[in-house]
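These notes are about the structure you will find just below.
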Amino acid sequence: MKKKLQIFVSSTYTDLKEERQAAVEAILKSGNIPAGMELFTAGDKSQLETITRWIDDSDIYMLILGGRYGSIEPTTGNSYTEVEYDYAKSNNKPLFAVVISDKYLDEKAKKDGLSVSEKDNQSKYKAFKNKVLSNISVFYDSPKDIKLAVHETLADFKDRYDFKGWVPGDIENKLDALSEENDSLRKEIQELKKNNTVKVYSRQQCENETAQDQEFEQIFSEFESRVLSYKIDGVEYQSNLNFFVKTYCSAMITGVYNNYGLTEVASLLFYSIMPLLNLHDLAEMEPVPKVAYRRFYLTGKGKKYALFLEKKKSCQKQ
């Protein structure tokens, strides 16, 4: 699975909803994972402890600085936004900031009123802004500029840093279970291929077993005649559906994802092959928790059909 990065997005909230949304959309479109205090609820620990834990668990820290300083964290006397920024910086977390331009702040003030500008803690806001501008930062004149900054910075950071990345724990558990199941199925298929050392099906047994499952026979005939034309690395091919099930059985069992940057083969399997298997309940699609992409995988019936193909191949050789 392609490595995903978790980006902690820090900002004031009510005045920067559109800007935060732009950042979240850009992060998701790049195939990564946004995180921020408005995306989850604090537990029993204090809000500050929750913030620092999420920053620790993130790969990158992003600040969106508008015209407000933000609510004050009581322990430090600084805004939560500045506390988050200082914590990320002190822990050497890769970080970048997008800072509102004076021009765009004026436009927002005309549209939304003076609530978008700091009134109570102007000196602290100015000092914080100067601190931010002394590090990696760019100005933005619109939400589109924020999206561009996200894409450019993430591409640059991926070249400069060796990130640990992030995968939801339940997905890891599922993949472990699927891997074990895949190994078991692969061994069973290999055993079927070893005609000299394992049980050899008699012709009568083959006829009986294939006759017992008329549905698979019907699916087999349909898949044999269903030929798809496609390109891989610029080369044109034509193959029927049974070819794909036999060739990519292992990948289909583990799961095929439509995540950002998927290969030509993965794209072909996800968007063209697996939906056709789904029509016969051989494959099923499920959302992947906490991310924007989905996963297609062979159902129990689909795995039995893969074994059916191997048995049929064994019978045809006799």
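Side notes on the structure shown:
- Any chance Thr50 is farther than 21 Å from Leu154 by Cα, in contact (Cβ under 8 Å) with a residue 24 or more places away in the chain and not basic (Lys, Arg): no
- Of the residues making up region 241-258, those that are over 13 Å from Tyr305 (Cβ atoms), touching a strand residue (DSSP E or B) at 6+ places or on another chain (Cβ under 8 Å) and not hydroxyl-bearing (Ser, Thr, Tyr) are Gly255, Val256, Asn258.
- Unmet criterion (only one of (1) assigned to a helix (DSSP H, G or I); (2) within 30 Å of Lys29 (Cβ to Cβ); (3) among the aromatic types (Phe, Trp, Tyr)) for Tyr305: (2)
- Among (1) closer than 14 Å to Phe220 by Cα; (2) not in a helix (DSSP H, G or I), the one test that Lys246 misses: (2)
- Single unsatisfied condition, Met274 versus (1) in a loop (DSSP other than H, G, I, E, B); (2) crowded, with 20+ Cβ neighbours inside 10 Å: (1)
- Failed item, numbered, when Thr81 is tested on (1) in a helix (DSSP H, G or I); (2) of a type in the set (S, T, N, Q); (3) surrounded by fewer than 20 Cβ atoms within 10 Å (Cβ to Cβ): (3)
- Restricting the first member to region 144-167 and to residues that are farther than 21 Å from Asn92 by Cβ and touching a residue at least 24 places away in the same chain (Cβ under 8 Å), and the second to residues that are in a helix (DSSP H, G or I) and not hydrophobic (A, V, I, L, M, F, W, C), the beta-carbon pairs closer than 7 Å and six or more apart or on different chains are Ile146/Glu19; Lys147/Glu25.
- One residue from Val256, Val291 being assigned by TED's automatic domain parsing to the domain that holds Val227, in contact (Cβ under 8 Å) with a residue 24 or more places away in the chain, closer than 16 Å to Leu228 by Cβ and within 19 Å of the chain's Cα centre (by Cα): Val256
- Count - residues of region 44-69 that are part of a loop (DSSP other than H, G, I, E, B) and under 29 Å from Lys164 (Cβ atoms): 5
- Options Val116, Val150, Val138: the member that is buried (at least 16 other Cβ atoms within 10 Å of the Cβ), of a type in the set (A, V, I, L, M, F, W, C), more than 16 Å from Ala26 (Cβ to Cβ) and at pLDDT below 95: Val116
- Val227 being at pLDDT 90 or above and loosely packed, with under 14 Cβ neighbours inside 10 Å: yes
- Whichever residue in region 72-115 is small (Gly, Ala, Ser) and in contact (Cβ under 8 Å) with a residue 40 or more places away in the chain and, among such residues, is nearest to Gln21 (Cα to Cα): Ala97
- Within region 279-302, the residues that satisfy the criterion of being modelled with pLDDT of 90 or more and either assigned to a helix (DSSP H, G or I) or among the hydroxyl-bearing types (Ser, Thr, Tyr) (or both) are Tyr297, Thr299, Gly300, Lys301, Gly302.
- Filtering Asn259, Asn208 for residues that are more than 21 Å from Lys313 (Cβ to Cβ) and either among the polar types (S, T, N, Q) or modelled with pLDDT of 90 or more (or both) leaves a single hit, Asn259.
- Boolean, Gly300 is under 21 Å from Asp213 (Cα atoms) and exposed (fewer than 14 other Cβ atoms within 10 Å of the Cβ): yes
The values are calculated or read from the model by the stated rules, or taken from the named source; none is laboratory data. Please read these numbers as outputs of a predicted model, since none were measured by experiment. A quick note on method: Cβ atoms are made from the backbone with ideal geometry, for glycine too, and the neighbour counts reach across all protein chains shown.
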